[in-house]
Amino acid sequence: MNRINRLYHSLKYRAQQINISSRYPGVSFVKSPLSCLSRLRKESLSFSYSQFSQDTIDDDSLNLRQKGVFVDIGLNHPLFNSNTVYFEFARSWSGLCINPLSNLADLYTSLRPNTSFINCAVSDSAGYLPFTIVTGSQGWEDQLSSVSPRLRGYHDKRVEVPCRRSDSILASLRYDWNSIDLMSPDVEGHEMSVISSLGI
């Protein structure tokens, strides 16, 4: 089964490369092959952009509608291992992607036309937070950048980033909870602070 899993994910990774490269010829594909830890899912034939097929699992199990709204917190690259790009491309959704890495802003503008990129961290209080940025990586490791302490075994740097509560962000953009179909927090251990910031 491990051999089948490895083959499945190698083929899926190659399909992801071809799909994204044909849609965006100028994009460099630098992510490492997807992990073989996730289970082979026979029931879904949809193309998944997520690392472990979270997007198609959500779509299958939650019976989500066309033209919905997502809020993606702690995302990284707009396409690679994204939990929400599937909904934008395949379901005509729109939404918010919130991340403190300012270098991602232009990528979201060019690659995710129905997504608004918000450049800040999310926490249970507004202000500034120390943030670890993983540097010098050509694989998936850059996606470990987070408010977590420094990571052993990786080159990184610590910076201060602005942070806001998610309820404040949504209110400033005139979103209300009834208009949001899917929220995807992926913040490397900071999830409870994000949940506390929802104000619900």
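Here are the numbers for the structure shown:
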{"item": "Measure of compaction for region 49-196 (Cα Rg per 2.2 N^0.38 Å)", "result": "1.02"}
{"item": "Only Lys, Arg (+1) and Asp, Glu (-1) charged, at Cβ; region 59-200 dipole about Cα centre in debye", "result": "240"}
{"item": "Formal net charge of residues neighbouring Leu64 (Cβ-Cβ distance under 11 Å; K, R +1; D, E -1)", "result": "-2"}
{"item": "Interchain or long-range residues, amide H under 5 Å from Ile118's placed H", "result": "Cys97, Ile98, Asn99"}
{"item": "Additional length obtainable on full extension of the chain from Val159 to Ser92, 0.36 nm per residue less Cα span", "result": "20.6 nm"}
{"item": "³J(HN,Hα) computed for each position of region 60-69 - Karplus, 6.51 cos²θ - 1.76 cosθ + 1.60, integer Hz, glycine/proline x", "result": "5, 8, 9, 6, 6, 8, 6, 6, x, 10"}
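Where a number appears in this text, it was derived from the coordinates with a stated rule and is not lab data. Note that the coordinates shown come from a computational prediction; the quantities given were computed from them, not determined experimentally. We place every Cβ from the backbone using ideal geometry, glycine too, and count neighbours over all the protein chains shown.
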